[in-house]
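The values are calculated or read from the model by the stated rules, or taken from the named source; none is laboratory data. No experiment lies behind these values; they were computed from the predicted model shown. So basically every Cβ, Gly included, is an ideal-geometry build from the backbone, and we count neighbours across all protein chains shown. For the accessible areas, the whole protein counts, side chains as well, though only heavy atoms, and no ligand, DNA or RNA atoms are used. Shrake-Rupley method; radii C 1.70, N 1.55, O 1.52, S 1.80 Å.
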Amino acid sequence: MLYKYRGIKEFRYFVDIVLNKRFYAAPYFDLNDPMEGHYLYNSGELDSDVRDLIKSQKEKLRICSLSKVADNELMWSHYAEGHRGVAIGVTVNESKHAVVPVDYDGPLQIERVGIHNATAQEILSHKLKVWSYEEEVRVFIRNKQYVDVKVEEVLLGRSMSKQDIGFIKKLIASVDESIEVKGASSKYD
């Protein structure tokens, strides 16, 4: 199972996920890492045609960022409104979507002879080590804005109000009773 941490202040986005069983996939330049999409080229100068090709490939991809873990304190703080949001546990159909774990070894080093159709996806699957706490898995799509998912569970943040808890439980029970709703755990509990 993979997890999407998110706040509920913009509640319509949460409702869209649960009702339509999908996650938004963003263009790489909308993601929060300022080094997103950067790469290294070590032998000589990369001509502008190749740079343009790689840029064009990257712009055709959309990315949905998920995590392998549901109990990461930093993820709850950064992406789920300081434990007031949710972590949505899902499965992704890997036969329909490219599901790729992120490598935290810095920008990908490319060579002129090694450039191919999947080069952009490879570049976007590498991040700096500082981001490794996210334990990120990326879903890549083309020609669509959303990744279809099967929502398995919704974990409620430890600082979520009782009113929000009740509302989310009632909403999910009316939409899909197979989705498990439970309180978030912490590896520090």
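Please determine, by comparing only the residues of segment 55-69 that are modelled with pLDDT of 95 or more and small (Gly, Ala, Ser), which one is farthest from Lys162 (Cα to Cα).
Ranking the candidates gives Ser65 first.
Restricting segment 1-32 to residues that are within 24 Å of Arg142 (Cβ to Cβ) and in a helix (DSSP H, G or I), which is least open to solvent (accessible area, probe 1.4 Å)?
It comes out as Ile17.
On the basis of being more than 24 Å from Gly85 (Cα to Cα) and at pLDDT 90 or above, does Leu19 make the cut?
no
Only helices (runs of 4 or more DSSP H) wholly contained in segment 33-145 count here; list those with 1 or more residues that are aliphatic (A, V, I, L, M), farther than 30 Å from Arg158 by Cβ and open to solvent by 60 Å² or more (accessible area, probe 1.4 Å).
48-60
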